[in-house]
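This report refers to the structure that appears directly beneath it.
The values are calculated or read from the model by the stated rules, or taken from the named source; none is laboratory data. This one's a predicted model, so the numbers in the text were calculated from it and none came from an experiment. Positions of Cβ are generated from backbone atoms using ideal geometry, with glycine treated the same way; all protein chains shown enter the neighbour counts. Just the protein is used for accessible areas: all its heavy atoms, side chains included, with ligands, DNA and RNA removed. Shrake-Rupley method; radii C 1.70, N 1.55, O 1.52, S 1.80 Å.
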Amino acid sequence: FVWDGLAQHYKQITVGRLPESWQHLLLQQAKDQTSSAVGAFTRRTQGWLNRFEDMMHSEKSDRRAKENKMMSELGMIQQDVTWKDDKGKEHKLKDVFLES
């Protein structure tokens, strides 16, 4: 309700749910999108941690293959890199680990 103190009467009475303001709706949508994004990143991070744990329990060549695959997917390794030296001779490396 809206009370007019000077005139001593109600100016407006609303029965039921109050209408939602655009600010409230905008804030609610922002909260929903944030929750969704946090949930997605949490699941993604947990997936990477599970893969890392699995990799650490692996042995020898299986572990190395899992390391290379994970590093490649994270963008930390480039495979089969070639370059030319000053004399025009082409050189090739199997894997190059990138450092940031």
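Would you mind telling me which residue in R17, R63, R43 has the biggest mean-square fluctuation in a Gaussian network model of the chain, where springs connect alpha carbons within a distance under 10 angstrom?
Ranking R17, R63, R43 by mean-square fluctuation puts R17 first.
From the gyration tensor of the Cα coordinates in the chain, what semi-axes in whole Å does the equivalent ellipsoid have, largest first, with each one equal to sqrt(5λ)?
For the chain, the ellipsoid semi-axes come out as 64, 21, 8 Å.
Quick check: pseudo-label points 7 Å beyond the Cα along Cα→Cβ at S58 and Q12, how many nm apart are they?
The modelled label-to-label distance comes out at 6.4 nm.
Return the sequence-ordered ³J(HN,Hα) values of the range 50-55 in whole Hz as given by the Karplus equation 6.51 cos²θ - 1.76 cosθ + 1.60 applied to θ = phi - 60°, using x for Gly and Pro.
With the stated coefficients, the range 50-55 comes to 5, 5, 5, 4, 4, 4 Hz.
Keeping all protein chains in place, calculate the accessible area per residue for the chain (probe 1.4 angstrom), answer in Å².
91
For the chain, which whole percent of the accessible surface, found with a 1.4 angstrom probe, sits on carbon and sulfur atoms?
Roughly 55 percent, rounded to a whole number.
Quick check: the angle from helix 60-73's long axis to the longest principal axis of the chain, C-alpha only, nearest 10 degrees?
Taking Cα atoms only, the helix is inclined about 50 degrees.
Per residue of the range 34-41, in order, report the coupling 6.51 cos²θ - 1.76 cosθ + 1.60 (Karplus, θ = phi - 60°) as ³J(HN,Hα) in whole Hz, putting x for Gly and Pro.
Listing the rounded values in order: 5, 4, 5, 5, 5, x, 5, 5 Hz.
Select from the range 1-94 those GluC sites (Glu not before Pro) which occupy a DSSP coil region and have at most 10 other Cβ atoms within 10 Å, ordered by residue number. Write out the running numbers ahead of the final one.
On the way: sites: E20, E53, E59, E67, E73, E90; in loops: E20, E59.
Sparse-neighbourhood loop GluC sites (Glu not before Pro): E20, E59.
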